[in-house]
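Here the structure comes first, spelled out in structure tokens, and everything after it is commentary.
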Amino acid sequence: MINSAVQIVVVGSYNRDFALRVDQFPIPGETRLSLGRAESPGGKGSNQAIQAARCGAPTAMIAALGQDPAGDEALSLWSGLQIEAGAVVRLSDVATGMAMILVNHQAENMIVVDSGANDRLSEHHIFAAKSLIAQARLVLAQLETPMAATKAAFDLARRAGVTTLLNAAPANRALDHSLLALTDILCVNENEGTALSGKTSPEAIGTSLLEVGPAMVILTLGVDGAMLFQRGQPPLRAHPPAVNAVDTTGAGDAFIGAFAAQWLLNQDPSAALHFALAAGALACTGQGAAASFGNREEIERLAASCPARPS
Ligand code: RIB
């Protein structure tokens, strides 16, 4: 049964995250002792869906999970957040995705993902969710699930007049450039932007990516905030509120989920950028990915403490 009130459909991954805190990252061949461990829900797709839902946007997931306890946990997490999961598939011969994460004293992270079931999300699963996609307002995807499935979803969205938002992460996944032609809003960090455009300066990355399809390019710049490029307009620049960061894992996902939810309210890119930066900053103040995301009220409170300032 499709919930016709769904506004954001996320086509993406779910991972069980296993994180270890370390004083510093090991070098090749080195063994270090952990300062603590944590297990929590992750996956860029699920993280972004959770943040959008916590900001009040009716959200659905299209994802592939194993028939295992980690898959059960994902479904119960989404159910608790009213994230529609009717189009989520369970596969009996593959495990739910997992990620091994190291977080150092500077709150930086290193992540290795074992895709598991995420890699088995197919065009067939997308076509089965055609009516869910067609009634949405925004379809959001990343590069942790197969490109063919994302292209099928964006193609259905385009035909139905539904906005598409692609977070081209992780950077090391080869991107089929025909997907960019189906993308309305592209969001990348500097590494991903350089990998896609071959450019290094933020202005050159944004301008060059606008030429390959998307009408809007958002470039995240870590502690330096983010820039938003639209054809024929000067770029917007915004800065994040200062916070005491303990773990940056999932901060980019919080940014994107919050941007999507806020942008749908009134299509004001400047307000959405400011709100999304506060969501990303808030996500850095707690350990884990989605476990540290704020709700709309908490994000608005932090955003208000750091009014938008001109670039
Ligand atoms: O963006 C952070 C996420 O990347 C983690 O939750 C991990 O699962 C990987 O997908």
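Residues that are touching a residue at least 24 places away in the same chain (Cβ under 8 Å) and touching a His at 6+ places or on another chain (Cβ under 7 Å) are absent from region 129-144.
Within region 195-311, which helices (runs of 4 or more DSSP H) (wholly inside it) include 2 or more residues that are more than 23 Å from A49 (Cβ to Cβ) and modelled with pLDDT of 95 or more?
202-210
Yes or no: region 73-82 includes at least one residue that is closer than 25 Å to G222 by Cα, of a type in the set (A, V, I, L, M) and more than 16 Å from the ligand (Cβ to nearest atom).
Of the residues in region 73-82, the ones closer than 25 Å to G222 by Cα are none.
No, the conditions are met nowhere in region 73-82.
Quick check on L236: is it in contact (Cβ under 8 Å) with a residue 60 or more places away in the chain and touching a Pro at 6+ places or on another chain (Cβ under 9 Å)?
On the way: in contact (Cβ under 8 Å) with a residue 60 or more places away in the chain: yes; touching a Pro at 6+ places or on another chain (Cβ under 9 Å): yes.
Considered against the rule, which asks whether it is in contact (Cβ under 8 Å) with a residue 60 or more places away in the chain and touching a Pro at 6+ places or on another chain (Cβ under 9 Å), L236 comes out as yes.
Taking the criterion of being within 29 Å of A272 (Cβ to Cβ), away from the ligand (no atom under 13 Å from the Cβ), aromatic (F, W, Y) and modelled with pLDDT of 95 or more, would at least one residue in region 122-137 satisfy it? Give the derivation first.
Initially, region 122-137 is screened for residues within 29 Å of A272 (Cβ to Cβ), giving 126, 129-137.
Right, trim to away from the ligand (no atom under 13 Å from the Cβ) and you get 126, 129-137.
Retained after the next criterion (residues that are aromatic (F, W, Y)): none.
Checking region 122-137: not a single residue is within 29 Å of A272 (Cβ to Cβ), away from the ligand (no atom under 13 Å from the Cβ), aromatic (F, W, Y) and modelled with pLDDT of 95 or more.
Within region 1-47, restricting attention to residues that are more than 9 Å from the ligand (Cβ to nearest atom), at pLDDT 95 or above and of a type in the set (S, T, N, Q), the residue that is most open to solvent (accessible area, probe 1.4 Å) is T31. Condition check for S305 on (1) surrounded by fewer than 16 Cβ atoms within 10 Å (Cβ to Cβ); (2) under 19 Å from N191 (Cβ atoms): one failure, at (2). Looking at the structure I just gave you, is A107 on the phi > 0 side of the Ramachandran plot and within 16 Å of the ligand (Cβ to nearest atom)? When the stated conditions are applied, A107 passes them.
The values are calculated or read from the model by the stated rules, or taken from the named source; none is laboratory data. Nothing here was measured: the structure is a model prediction, and the numbers come from that model. Neighbour counts run over all protein chains shown; Cβ positions are idealised from the backbone, glycine included. The protein model used for the area step is the full one, side chains on, heavy atoms only, and it has no ligands, DNA or RNA in it. Shrake-Rupley method; radii C 1.70, N 1.55, O 1.52, S 1.80 Å.
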